[in-house]
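Engineer: First, the structure itself, so that you have it in front of you.
The values are calculated or read from the model by the stated rules, or taken from the named source; none is laboratory data. In this text the structure is predicted, and so the values were computed from the model without any measurement. Using ideal geometry, Cβ is built from the backbone for each residue, glycine included, and neighbour counts are taken over all protein chains shown.
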Amino acid sequence: MSKNKTKLSKKIQRLSSSRFRLSVKKSNQHIYAQVIDDKNNVTLVSSSSLKSDLKKGIEQAKLVGVDLAKKAKAKKIDSVYLDRGKLRYIGRLKVLCESARENGLII
């Protein structure tokens, strides 16, 4: 295992002791988000913009954030940490996180 992957896995282990991980991926047309339990290697909640073809861009990210927060609250998940990978915290990613926060998810 490379040096960077080792650092990343130690960081994930340290953070995942008390909270779940919110992983966000995006493509040119869609955005995907899921809450993952790293201890059990299970995806607890997921949401994507594949269902809503009516909205595009930032509006799509708002809907995904709202949907994800509602599903997480239904499963009694209230605190997560953000795993954004190499994505910068601007645009659709920022809007998704803000809309999830507004609907009760602590990031």
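Engineer: Could you list, in sequence order, the residues of segment 84-94 that are aliphatic (A, V, I, L, M) and loosely packed, with under 14 Cβ neighbours inside 10 Å?
Structural biologist: Let us first name the residues in segment 84-94 that are aliphatic (A, V, I, L, M), namely 87, 90, 93.
Hit for segment 84-94 is 90, nothing else.
Engineer: Still on this structure, please answer the following. Can you pull out every residue in segment 95-106 that is surrounded by 15 or more Cβ atoms within 10 Å (Cβ to Cβ) and not polar (S, T, N, Q)?
Structural biologist: 95, 96, 97, 100, 105, listed by residue number.
Engineer: Can you find a residue in segment 68-83 that is surrounded by fewer than 14 Cβ atoms within 10 Å (Cβ to Cβ), assigned to a helix (DSSP H, G or I) and modelled with pLDDT of 95 or more?
Structural biologist: If we filter segment 68-83 for residues that are surrounded by fewer than 14 Cβ atoms within 10 Å (Cβ to Cβ), which is where we start, we get 74-76, 78-79.
This time we only want the ones that are assigned to a helix (DSSP H, G or I), so: 74.
Right, trim to modelled with pLDDT of 95 or more and you get 74.
Scanning segment 68-83, I find at least one residue that is surrounded by fewer than 14 Cβ atoms within 10 Å (Cβ to Cβ), assigned to a helix (DSSP H, G or I) and modelled with pLDDT of 95 or more, so the answer is yes.
Engineer: Something else now. From the set of residues in segment 36-67 that are hydrophobic (A, V, I, L, M, F, W, C) and within 17 Å of residue 98 (Cβ to Cβ), which is surrounded by the fewest Cβ atoms within 10 Å (Cβ to Cβ)? Spell out the reasoning first.
Structural biologist: Here is the first cut: in segment 36-67, the ones hydrophobic (A, V, I, L, M, F, W, C) are 36, 42, 44-45, 50, 54, 58, 61, 63-64, 66.
This time we only want the ones that are within 17 Å of residue 98 (Cβ to Cβ), so: 58, 61, 63-64, 66.
Details: 58: 14, 61: 27, 63: 18, 64: 29, 66: 17.
Restricting to residues being hydrophobic (A, V, I, L, M, F, W, C) and within 17 Å of residue 98 (Cβ to Cβ), the top hit is 58.
Engineer: Which residues, taken from segment 18-54, are free of Cβ contacts under 8 Å to residues at least 60 places away in the same chain and charged (D, E, K, R)?
Structural biologist: Within segment 18-54, 37, 38, 39, 51, 53 meet the criteria.
The rows are residues; the columns are (1) touching a residue at least 40 places away in the same chain (Cβ under 8 Å); (2) closer than 19 Å to residue 30 by Cα.
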site	(1), (2)
56	no, yes
74	no, no
78	no, no
103	no, no
107	yes, no
